[in-house]
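> One structure, as structure tokens, below. Some questions next.
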Amino acid sequence: MEKSSPAMVMLSEARVDANIEDFELNIRGYNQVRCDAENRYTGGVVVYIRNDIKYEVVTVQKIIENCWCVVIRVKETWYKGIVVALYHSPSSSDSIFIKFIEDLVEDMIVKERCIVIGDFNIDFKVDAFYSNKLRNVMLNLGMKQYVDRPTRVTKDSYTIIDLVFTNIEIKVNVLDKPKIADH
């Protein structure tokens, strides 16, 4: 972050809980918004916003069992709109999660640009019921998914579970390095 100074950094499945103080997560030059997990085993979202970025927090909430969400409204000339960071645990209901995303995005896109980014744990590499349902719901809302190569690679599998949906044209790169997590 010090090298490239990105406007925002979103960490899904951050595994940050209430026992971890804000100062322990501080990064110089950035504000943080967090949606804590209940434990250090899974969940949570942390969003870092560079200090010079104008923004407001729209919502920070645990959506359903094992699903976390942070919604930020960016108020800059280069981007005025919503950014959603989320983590959806594979142990939570895909159907309820997709309905939440549909309702959230439908409310947001009526008003402004919208980017939804996170670990969806719904594999877009395969032709399956929930990946097709999510794809169709988002397409019907005018949201295109931009990640086109595996984001989680293990010795036995590769999946596209970290997704970026938006109603504007953007460029997305999947970086293999630095590898700071399992994907």
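The values are calculated or read from the model by the stated rules, or taken from the named source; none is laboratory data. The structure presented is a predicted model; accordingly, all values stated were derived computationally and were not measured. Positions of Cβ are generated from backbone atoms using ideal geometry, with glycine treated the same way; all protein chains shown enter the neighbour counts. Side chains are part of the model used for accessible areas, which takes the heavy atoms of the whole protein and leaves out ligands, DNA and RNA. Shrake-Rupley method; radii C 1.70, N 1.55, O 1.52, S 1.80 Å.
> How high is the relative contact order of the range 80-183, in percent, counting Cα pairs under 8 Å that sit 6 or more residues apart?
Computed over the range 80-183, the figure is 28 percent.
> Shifting gears a bit: Got a sec? Which residues in the range 30-50 would a label at PHE23 touch, if it sits 7 Å along Cα→Cβ and we count backbone N under 19 Å?
Answer for the range 30-50: 30-34.
> Please report, in cubic angstrom per residue, the volume enclosed by the convex hull of the alpha-carbon atoms of the range 1-151.
About 123 Å³ per residue, rounded to a whole number.
> Sort 10-19, 90-99 by packing, meaning the average of other beta carbons within 10 Å per residue, with the highest value first.
10-19, 90-99
> Roughly how many Å² of ILE115 are accessible to a 1.4 Å probe, to the nearest 10?
My reading of the accessible area for ILE115 is about 30 Å².
> To continue, here is another question. Could you give the length gained on full extension between LYS133 and ARG149, defined as 0.36 nm per residue of separation minus the Cα-Cα distance, in nm?
3.8 nm
> Still on this structure: Using only the alpha-carbon atoms of the range 86-129, report the extent along each of the three principal axes, biggest first, to the nearest angstrom.
Taking max minus min along each principal axis of the Cα atoms, the range 86-129 gives 31, 20, 18 Å.
> Out of VAL147, VAL84, LEU134, whose Cα points farthest toward the positive end of the dipole of the range 78-173 (charges: +1 Lys, Arg; -1 Asp, Glu; placed on Cβ)?
It is VAL147, whose Cα lies furthest towards the positive end.
> Right, next: Can you send over the carbon and sulfur percentage of the accessible area for the chain, probe radius 1.4 Å, protein chains only?
50 percent
> For the chain, what relative contact order do you get, as a whole percent, if you take Cα pairs closer than 8 Å and at least 6 residues apart?
With pairs under 8 Å counted, the relative contact order is 15 percent.
> Still on this model: Would you calculate the separation in nanometres between label points at GLU106 and GLU38, each defined as 7 Å from the Cα along the Cα-to-beta-carbon direction?
If labels sit at GLU106 and GLU38, their model points lie 2.9 nm apart.
> Run the numbers for GLU65 and TYR158: contour at 0.36 nm per residue of separation, minus the present Cα-Cα distance, in nm.
Going from the current span to full extension adds 30.9 nm.
> Subtracting the Cα-Cα distance from 0.36 nm times the residue separation, let me have the gained length for LYS75 to LYS171 in nm, one decimal.
Length difference between fully extended and current span is 32.5 nm.
> In addition: For the chain, with every protein chain kept in place, what is the accessible area per residue (1.4 Å probe, Å²)?
About 56 Å² of surface per residue is accessible.
> Report, as a whole number in µm² per second, the diffusion coefficient that Stokes-Einstein gives for the range 1-85 at 10 °C and 1.306 mPa s using the Kirkwood radius over alpha carbon pairs.
Answer from the Stokes-Einstein relation: 120 µm²/s.
> Of THR154, THR166, THR59, which has the most accessible area with a 1.4 Å probe, and how do the rest follow in descending order?
Putting THR154, THR166, THR59 in descending order of accessible area: THR154, THR59, THR166.
> So what is the calculated 222 nm ellipticity per residue for the chain, using -39500 (n - 2.57) for each DSSP H run with n of 4 or more, over all residues, to the nearest 500 deg cm²/dmol?
Helix-only estimate at 222 nm: -5000 deg cm²/dmol.
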